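Take a look at the structure set out below.
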Amino acid sequence: MVANIISGKEIAKSIREEIKVKVDELKEKGITPGLAVVLVGEDPASQVYVRAKGKACDKLGIYSETTTLPAETGEDELLKLIEKLNADEKIHGILVQLPLPKHINETKVLMAIDPDKDVDGFHPVNVGRMLVGDECFLPCTPHGVQELLIRSGNDPEGKHVVVVGRSNIVGKPVAGILMQKKDGANATVTIAHSRTKNLTELTKCADIIVAAIGKPEFIKADMVKEGVVIIDVGVNQVGETPEGKRILKGDVDFEGVKEKASAITPVPGGVGPMTITMLMQNTVKSAQQKLGGA
Ligand code: L34
């Protein structure tokens, strides 16, 4: 079997068209959705992602402002900025790009964000709501994974999904979302991680694998069954072209695995563009909620 390539780029494009309609509707009602992005330090990958977020806002007519702070910024200063953004009427979504420098307490920072503006869905209140199945902002990458599955005709209902990775950003929440008793979910989910024994035994019986390990080409063809659906969340930089362009590899050995899988996402052009699109969606949702509540 040779896999269908699931283009995150194309699916993201069609969702962005849907979002654009909503932005225009809000604007007619006098509200421009607004996103504040905060980047501390100079991590090159973070810079790429933050720039892409600003650009996506521009394209959709969403107001955005990016604050870039030096790596030495104190926690207090960051918390003050968040307080200011919490109170800012123009801003419907606040995102603090992770990872933060070591001297800053990540949990403290995420907890300072108003849960009603937490478009990343990282605040413990939103994490809790998500797990309970209540209305909330779903975290962008996990929600993007779910949308990719649904829109590529691979509804996870009743399927065995093996999530490899247990991070708070991807592994844990993607498992929480896909196991919900809801349309587009209803999966049987197994979470595997670095301490899992006999990983291959698990991945071999997966109908769907969500790879979020952070190791380039970790999942090989001999670890998967024929016909598996692969969502590759990894974005590992493995080098640079002579022109200084990032060379990226996913967590899955694409060339090998695509010969066995029924469908697979590429890197780049898979989950990445979906993460940004779901962020746009949450920002618009936040603006709509404000309108509804006002
Ligand atoms: N607060 N921190 C917060 N929210 C997030 O949602 C993120 N994440 C992850 C890292 N830290 C975060 C992102 O934005 C990962 N992430 C992200 C966003 C976009 C892309 C990849 C990861 C993306 O656009 N990837 C492109 C390739 C771009 C490149 O690296 O050259 C792709 O096609 O995969």
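What follows is calculated from the coordinates using simple rules that are stated; it is not laboratory data. Given the structure is predicted, the values throughout are model-derived calculations rather than measurements. Positions of Cβ are generated from backbone atoms using ideal geometry, with glycine treated the same way; all protein chains shown enter the neighbour counts.
Applying a DSSP loop filter and a limit of 15 other Cβ atoms within 10 Å to the GluC sites (Glu not before Pro) in the range 229-261 leaves Glu243, Glu259.
Check the straight Cα-Cα distances from Lys258 and name the aspartates and glutamates below 14 Å, setting aside those fewer than 8 residues away within the same chain. Correct list for Lys258: Glu217, Asp222, Glu226, Asp232.
Here Lys290 is the anchor, and the aspartates and glutamates within straight C-alpha reach of less than 12 Å, apart from those fewer than 8 places off in the same chain, are Glu89, Asp116. What is the sum of charges, Lys and Arg at +1 and Asp and Glu at -1, for the other residues whose Cβ falls under 12 Å from the Cβ of Asp232? Summing Lys and Arg as +1 and Asp and Glu as -1 gives 0. Taken along the Cα-to-beta-carbon direction at a fixed 7 Å, the label points for Asn186 and Cys205 span 2.2 nm. Only Cα pairs within less than 10 Å get springs; with that Gaussian network setup on the chain, which residue of Leu95, Leu35, Leu26 has the largest fluctuation? The residue that fluctuates most here is Leu26. Dividing the C-alpha radius of gyration of the range 57-108 by 2.2 N^0.38 Å, with N its residue count, gives 1.26.
Could you list the trypsin sites (Lys or Arg not before Pro) in the range 1-75 that lie in coil according to DSSP, counting only those with at most 14 other Cβ atoms within 10 Å of their Cβ? Answer by residue number: Lys29. Summing +1 for each Lys or Arg and -1 for each Asp or Glu among the other residues whose beta-carbon sits under 13 angstrom from that of Met1 gives +1. Radius of gyration over Kirkwood radius for the range 36-129, both on Cα atoms: the Rg/Rh ratio is 0.94.
Cross-link pairs exceeding 22 Å between alpha carbons, from the set Lys53/Lys220; Lys27/Lys55; Lys197/Lys225; Lys159/Lys225; Lys27/Lys182; Lys22/Lys59: Lys53/Lys220; Lys27/Lys182. Seen from every direction in turn and averaged, the convex hull around the alpha carbons of the range 202-277 projects onto 5.3 nm². Between the listed residues Ser64, Gly133, Leu81, the Cα displaced farthest toward the positive end of the dipole of the range 38-139, a dipole computed from Cβ unit charges relative to the Cα centre, is found at Ser64.
Projected onto their three principal axes, the Cα atoms of the range 91-189 cover extents of 42, 26, 22 Å, largest first.
Using only the Cα atoms, work out Rg/Rh for the chain, with Rh taken as the Kirkwood radius, to two decimals. Don't jump to the answer; show the numbers that get you there.
On the way: Rg = 19.0 Å, Rh = 19.7 Å.
Computed over Cα atoms, the ratio is 0.97.
Taking a temperature of 37 °C and a viscosity of 0.692 mPa s, what whole-number D in µm²/s does Stokes-Einstein yield for the range 247-294 with Rh from Kirkwood over alpha carbon pairs? The calculation lands on 247 µm²/s. Taken along its principal axes, the alpha carbon cloud of the range 164-294 reaches lengths of 55, 45, 28 Å, longest axis first. Counting other Cβ atoms within 10 Å of each Cβ, which GluC sites (Glu not before Pro) in the range 1-49 have at most 12 and sit in a DSSP loop? When the GluC sites (Glu not before Pro) of the range 1-49 are filtered for loop state and at most 12 Cβ neighbours within 10 Å, Glu42 remain. Could you list log10 I(q)/I(0) for the range 200-242 at q = 0.23, 0.31 Å⁻¹, which the Debye formula gives when each Cα is one point scatterer? Values returned for q = 0.23, 0.31 Å⁻¹ are -0.78, -1.17.
Per-residue ellipticity at 222 nm from helix content only, as computed over the chain with -39500 (n - 2.57) for each DSSP H run of at least four residues, stands at -12500 deg cm²/dmol.
Since only Leu26, Ala36, Gln237 are under comparison, the one whose Cα sits farthest along the positive direction of the charge dipole of the chain, derived from C-beta charges on Lys, Arg, Asp and Glu, is Gln237.
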